[in-house]
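To start, the structure under review is shown below, and the notes come after it.
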Amino acid sequence: MTAPWHQGLKTLSGQLRRGELSVAELVAESRQAVQKVAHLNALISRADDEAVEHQVNLAQQALDKGTAGVLTGVPLVHKDIFSTRGLRTTCASRMLADYVPPFDATVVARLKTAGMVTLGKANMDEFAMGSSNESSYFGPVKNPWDNQRVPGGSSGGSAALVAAGVVPVATGSDTGGSIRQPAALCGVTGIKPTYGRASRYGMIAFASSLDQAGVFARQAEDCALVLSAMCGHDPLDSTSDASGPVDYSAALNDSLTGLRVGILPQWLANTEAGVAAALEAVQQQLQKLGAEIQEVTLPTADLAIAAYYILAPAEASANLARFDGVRYGHRCQQPENLDDLYCRSRSEGFGEEVKRRILVGTWALSAGYYQAYYHRAQQVRRLIAEDFARVFQSVDLLLAPVTPETAFRLGEKADPVSLYQADVFTIPASLAGLPGLSMPAGFSQGLPVGAQLIGPHFSEARLLNVAHQFQQHSDYHQQLPEARQ
Amino acid sequence: MTASGKQQWEAVIGLEIHVQLKTDSKLFSGSATAYGAEPNSQVSWLDAALPGTLPVVNEQAIRYAVRFGLAVDARINRETVFARKNYFYPDLPKGYQISQMDRPIVEGGHIMISLPDGSQKRIGLTRAHLEEDAGKSIHDIYPQYSAIDLNRAGTPLIEVVSEPDMRSAAEAVAYMRQVYTLVTHLGICDGNLQEGSFRCDANVSVRPAGSQTLGTRTELKNINSFRFVERAIKHEIARQIRVLEAGGRIVQETRLYDADKDETRAMRSKEAANDYRYFPDPDLLPVHVSAALIDAEKAQLPELPQEKINRYTQSWGLKSAEARILAEDAAASAVFESCVAAMQHPQPVLAARWLLGEVSALLNRDGLDWPALPVAPVRLAGLLDAVASDTISHKTGKTVLEKMWDHADVTAAEIIEREGLAQMSDSQALAELVDKVLADNPKQVADYRSGNDKLFNFFVGQVMKATRGTAHPAELKTLLEDKLNT
């Protein structure tokens, strides 16, 4: 039996409004379902009963009074990178293993206002640094399609819980692919909006110029509903775009006739056969729906990983300096002096990958290296953005693979550089600040394959429209792991 | 130039002045900036650098920095960039300070200083950038611990960096005073030296006179009074000359001035200095300074001290020394101008002399500053009107001022009226008095008429005594001459 949210939030919302289902029943069902997949290790913290009950009551009251919105009463989990008032927020690090924020991130606050009920905090790579969810201090998350495999990362817990069908919605954050890549590896829909579209306030910073909040759901239609509630200008985030909220559902049913879709033969040539075949099928489906396909190139995109692994660590090296054991977070036992306090607190509090990136970033910003690395990487970033801008003069959006391959085995990519390659198709759009969406595009040897849609700045509604139309003609997004095992 | 032995040396000095801006809230958060509050009571989530918090720049601080830039005739960068300056310290919660590196808000500009010989010297400014202050570490409260107070963390500063244009400690102090006068006039700094609102670092080097290359410099940190700046720089120049003349070399280092021992000592060398790894703060996009903001600041720019001096001397006829003293003290010039404006027939020269003379003397006697002046300018104006119109003499004026000083709300006119201090302007009454004095002193009249001219002052004194000093001297003189010489 599938969960009441399996047919989408609009259907679910109707059931709640008509009283066919109470919020308490809905939330209880989701909480039990989450418990049943504890072996995935997808959750770091559960919201306590009292807090959940309070939110459930508020949502039910809104429904009873007729003031409810479409998201009222809908349960979700937040990636553990979003500050949640009164609920432990660890960023999957020992450093913050006991940290309870005194305030809500803007994204959390907005979804709370929309009536959504927070069930807990999803596992992730430590400080969002990783593509496999193996760097979490709380242990790796397992892919619901194959528990020997990774769910992708860094938002692995969020993707795994939505994929397992136990929650309808999860938030995530995407710095270099951290929503799109796990969405692809777990077979769910995930969207990272344009940089600046969703507030970063309260989202623990990894690389500030790249970090962007987004959402996972089974289908594009649900992503549109949640994204509409979470985006819009936030005066607390100076990088947030000045425009107000947008109704991303409005254009979902627009026709795709005449839509110009760019494809990247060079990227497709670098994917495994099953992924390429799935992409080919998506392309044909879009053509059937009226889209025109054009081959395009992004010549500088090859430099994206190199530039990203300078810029993101450089920003991270400063962003993570506040974790010094002085005011909050992990502090070593019996420090001998200030240097000892810093060294041991940070050495003990951070995991290997985080330390590696802090060191790389510190080095890239050092006197004598700044020009050769940080400055040069910024130039590459600009070239990549210009490449995209050029391509978007001739096409409306790009259809591309999300990852070169399907979910890999836990421990398979022990070498960090090989793991960095997993984000080769997601990082270019991140560097250019573009919106990207990953949607289920089929299966290869029983594992989900994702297709990526990349559009110009602020084209989220268009990406969701295309994904929604595709999902009207496919059922990959409705498949559950247990049904295939 | 400093002579020592046979070699002539020249000192080269540049100052970095930290001016705390008088904004209501911090540079990037809404916390208050009041001094002396309970420790850690003015600390927001951002000030404590809780994860996920983000800075939002305070527009008032941008305005103040722009105002400063306009006042020193500098270039305002329309796109100004905040940068992170990275270093670890317990009172620096984020592990970096938000400051500016490339594209500071203010670039260039200059300050004019007056030299002892009366000439003016132009001191160039390199830049003035916005940055946030750190908190305070307190090491002497608990034996085992250091205490941290983050109230000051995030307080907005502008760091005003001069060119190495000063050649003596006296010039450095004159420059520092000039900057101080300017920022307090502009209303962007409260000028409280004890509370650290105005702090100075000095870069000092010496070189053989006539040399064009700069010597190795040392940096003197955190000198917070005009007196200490002068002493610290003098000492440092003398020390460097001693080292060089003994055949040694100057090490580039940071030195602290110890006011108690009156010496500078090494704090840390360049080698041990941090690599601050500046990079543009990605949380703050380049801040666009709008033309409207600049125009608004330009329109509101108060008259600058030098402009005031020019107006006082050229339009109002003050002597330049008088004009400078009044113009450079914002409170004094405010009293002066209100006073002149409130006079029935404004006489700026008279007002300036009274303020710098009698009023200053009473302020000094009571240890008061201009803002604490007990006699409001409008009351002073009434007194000055009485003096200007010859209703009372200068001497009587002093007596009236002292009475006004001690009795708030009493006007000069009331005191003059109540105590009958007005000069007799009724010629008939004065003539009768003169006749009476002459009639009462026939012997002296006879002596005078037979040639004893000195007795004239005797008659003046008698009339003055009878009128308690209110007789108008000139009128009395004419009357006496008329009556005695006929």
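If we keep just the residues of region A:344-360 that are farther than 16 Å from residue B:86 by Cα, part of a helix (DSSP H, G or I) and of a type outside the set (Lys, Arg), which is farthest from the other protein chains (Cβ to nearest Cβ)?
If we take residues in region A:344-360 being farther than 16 Å from residue B:86 by Cα, part of a helix (DSSP H, G or I) and of a type outside the set (Lys, Arg), then A:352 is farthest from the other protein chains (Cβ to nearest Cβ).
I want to confirm something. Restricting to region A:364-394 and keeping residues that are under 24 Å from residue A:466 (Cβ atoms) and surrounded by 22 or more Cβ atoms within 10 Å (Cβ to Cβ), which single residue is nearest to the other protein chains (Cβ to nearest Cβ)?
A:384
So residue A:120 passes all but one of these: (1) in a loop (DSSP other than H, G, I, E, B); (2) closer than 15 Å to residue A:76 by Cα. Which condition number does it fail?
Here residue A:120 meets the rest and fails (1).
If residue B:390 meets every condition in (1) over 30 Å from residue B:339 (Cβ atoms); (2) in a loop (DSSP other than H, G, I, E, B); (3) in contact (Cβ under 8 Å) with a residue 12 or more places away in the chain apart from one, which number is that one?
Answer for residue B:390: the failing condition is (1).
Would you confirm whether or not region A:132-153 contains a residue that is more than 14 Å from chain B (Cβ to nearest Cβ), closer than 23 Å to residue A:249 by Cβ and part of a loop (DSSP other than H, G, I, E, B)? Can you show your working first?
First pass over region A:132-153, keeping only residues more than 14 Å from chain B (Cβ to nearest Cβ): A:132-153.
Going one step further and asking which of them are closer than 23 Å to residue A:249 by Cβ, we end up with none.
No, region A:132-153 contains no residue that is more than 14 Å from chain B (Cβ to nearest Cβ), closer than 23 Å to residue A:249 by Cβ and part of a loop (DSSP other than H, G, I, E, B).
So which of A:277, A:242 is within 14 Å of chain B (Cβ to nearest Cβ) and either part of a loop (DSSP other than H, G, I, E, B) or farther than 19 Å from residue A:433 by Cβ (or both)? I'd like the intermediate steps shown before the answer.
On the way: A:277 fails: within 14 Å of chain B (Cβ to nearest Cβ).
Going through A:277, A:242 in turn, the sole match is A:242.
With surrounded by fewer than 21 Cβ atoms within 10 Å (Cβ to Cβ) and part of a loop (DSSP other than H, G, I, E, B) as the only criterion, which of B:318, B:285 stands out?
The match here is B:285.
If I ask for residues that are at pLDDT below 85, under 30 Å from residue A:369 (Cα atoms) and not small (Gly, Ala, Ser), which ones from region B:264-303 would you list?
Hits for region B:264-303 are B:267, B:268, B:270, B:271, B:274.
Before we move on, is residue B:163 in the same structural domain as residue B:214 (by TED's automatic domain parsing), surrounded by fewer than 19 Cβ atoms within 10 Å (Cβ to Cβ) and modelled with pLDDT of 95 or more? Spell out the reasoning first.
Details: in the same structural domain as residue B:214 (by TED's automatic domain parsing): yes; surrounded by fewer than 19 Cβ atoms within 10 Å (Cβ to Cβ): yes; modelled with pLDDT of 95 or more: yes.
In short, yes.
So the check is Cβ under 8 Å with 6+ separation or different chains; which pairs have a first residue in region B:467-486 that's over 16 Å from residue B:386 (Cβ atoms) and part of a helix (DSSP H, G or I) and a second one that's hydroxyl-bearing (Ser, Thr, Tyr) and at pLDDT 80 or above?
That search, which allows pairs on different chains as well, returns B:484/B:448.
Anything in region B:41-68 that is in contact with a strand residue (DSSP E or B) (Cβ under 8 Å, 6 or more places away or on another chain) and within 10 Å of another protein chain (Cβ to nearest Cβ)? List them, or say none.
B:52, B:55, B:57, listed by residue number.
If I filter region B:105-113 for residues that are more than 14 Å from every other protein chain (Cβ to nearest Cβ) and among the charged types (D, E, K, R), do I get at least one hit?
Yes, region B:105-113 contains a residue that is more than 14 Å from every other protein chain (Cβ to nearest Cβ) and among the charged types (D, E, K, R).
Out of curiosity, is residue B:331 surrounded by 16 or more Cβ atoms within 10 Å (Cβ to Cβ), in contact (Cβ under 8 Å) with a residue 12 or more places away in the chain and assigned to a helix (DSSP H, G or I)?
On the way: surrounded by 16 or more Cβ atoms within 10 Å (Cβ to Cβ): no; in contact (Cβ under 8 Å) with a residue 12 or more places away in the chain: yes; assigned to a helix (DSSP H, G or I): yes.
No; evaluated as a whole, the condition is false for this residue.
I need a count of the residues in region B:425-457 that are under 24 Å from residue B:399 (Cβ atoms) and surrounded by fewer than 17 Cβ atoms within 10 Å (Cβ to Cβ).
4
So, in region A:1-35, how many residues would count as being under 28 Å from residue A:474 (Cα atoms), in contact (Cβ under 8 Å) with a residue 24 or more places away in the chain and within 25 Å of the chain's Cα centre (by Cα)?
Within region A:1-35, residues that are under 28 Å from residue A:474 (Cα atoms), in contact (Cβ under 8 Å) with a residue 24 or more places away in the chain and within 25 Å of the chain's Cα centre (by Cα) number 15.
Surrounded by 24 or more Cβ atoms within 10 Å (Cβ to Cβ), in contact with a Gly (Cβ under 7 Å, 6 or more places away or on another chain) and within 14 Å of another protein chain (Cβ to nearest Cβ), is that true of residue A:105?
yes
Return yes or no: is residue B:360 in contact with a helix residue (DSSP H, G or I) (Cβ under 9 Å, 6 or more places away or on another chain), among the small types (Gly, Ala, Ser) and surrounded by 18 or more Cβ atoms within 10 Å (Cβ to Cβ)?
no
Which of the following residues is of a type outside the set (A, V, I, L, M, F, W, C), within 14 Å of chain B (Cβ to nearest Cβ) and without any contact (Cβ under 8 Å) to a residue 12 or more places away in the chain: A:340, A:302? It would help to see each step written out before you state the result.
Working: A:302 fails: within 14 Å of chain B (Cβ to nearest Cβ).
Answer to the check: A:340.
Which condition from (1) β-branched (Val, Ile, Thr); (2) in contact (Cβ under 8 Å) with a residue 12 or more places away in the chain; (3) assigned to a loop (DSSP other than H, G, I, E, B) is the one that residue A:67 breaks?
(2) is the only condition that residue A:67 fails.
For region B:74-86, how many residues are outside any loop (DSSP other than H, G, I, E, B) and within 14 Å of chain A (Cβ to nearest Cβ)?
Looking only at that region, the number is 5.
Run down B:205, B:211, B:225 and say which single residue is small (Gly, Ala, Ser), out of contact with any Phe, Trp or Tyr (no Cβ under 8 Å at 6 or more places or on another chain) and within 30 Å of residue B:29 (Cα to Cα).
B:225
Against the conditions (1) within 14 Å of another protein chain (Cβ to nearest Cβ); (2) at negative phi; (3) touching a residue at least 12 places away in the same chain (Cβ under 8 Å), where does residue B:71 fall short? Just the number, please.
Unmet for residue B:71, out of (1) within 14 Å of another protein chain (Cβ to nearest Cβ); (2) at negative phi; (3) touching a residue at least 12 places away in the same chain (Cβ under 8 Å): (1).
Residues in region B:115-154 that are touching a residue at least 24 places away in the same chain (Cβ under 8 Å) and assigned to a strand (DSSP E or B): how many?
Residues meeting the conditions: 17.
With the requirement that a residue be outside any loop (DSSP other than H, G, I, E, B) and aliphatic (A, V, I, L, M), what does region B:100-114 give you? It would help to see each step written out before you state the result.
Within region B:100-114, the first condition is being outside any loop (DSSP other than H, G, I, E, B), and the residues that meet it are B:106-107, B:110-114.
Answer for region B:100-114, where residues must be outside any loop (DSSP other than H, G, I, E, B) and aliphatic (A, V, I, L, M): B:106, B:111, B:112, B:113.
Here are B:89, B:64: which of them is in a helix (DSSP H, G or I) and under 30 Å from residue B:232 (Cβ atoms)?
Being in a helix (DSSP H, G or I) and under 30 Å from residue B:232 (Cβ atoms) holds for just one of B:89, B:64, which is B:64.
When only residues in region B:160-217 that are among the charged types (D, E, K, R) and assigned to a loop (DSSP other than H, G, I, E, B) count, which is nearest to the chain's Cα centre (by Cα)? Spell out how you get there, then give the answer.
Looking only at region B:160-217, we keep the residues that are among the charged types (D, E, K, R), and these are B:163, B:165, B:167, B:171, B:177, B:190, B:195, B:199, B:201, B:207, B:217.
Cutting the leftovers down to assigned to a loop (DSSP other than H, G, I, E, B) gives us B:163, B:165, B:167, B:190, B:195, B:217.
Working: B:163: 22, B:165: 22, B:167: 22, B:190: 11, B:195: 16, B:217: 29 Å.
My answer is B:190.
Within region A:256-263, can one find any residue that is part of a helix (DSSP H, G or I) and either away from chain B (no Cβ under 14 Å) or within 20 Å of residue A:179 (Cα to Cα) (or both)? Lay out the reasoning, then the answer.
Of region A:256-263, the ones part of a helix (DSSP H, G or I) are none.
No, the conditions are met nowhere in region A:256-263.
Can you list residue pairs whose Cβ atoms sit under 9 Å apart, with the first residue in region A:144-165 being surrounded by 24 or more Cβ atoms within 10 Å (Cβ to Cβ) and the second being of a type in the set (S, T, N, Q) and at pLDDT below 95? Count only pairs 6 or more apart in sequence or on different chains.
Close Cβ pairs satisfying both conditions: A:145/A:485.
Report, by residue number, each residue of region A:13-54 that is aliphatic (A, V, I, L, M), more than 24 Å from residue A:145 (Cβ to Cβ) and in a helix (DSSP H, G or I).
Result: A:16, A:23, A:24, A:26, A:27, A:28, A:51, A:52.
The values are calculated or read from the model by the stated rules, or taken from the named source; none is laboratory data. Small disclaimer: the values here were computed from a predicted structure and weren't measured. Quick reminder, even Gly has a Cβ in these numbers, built from the backbone with ideal geometry, and neighbours come from all protein chains shown.
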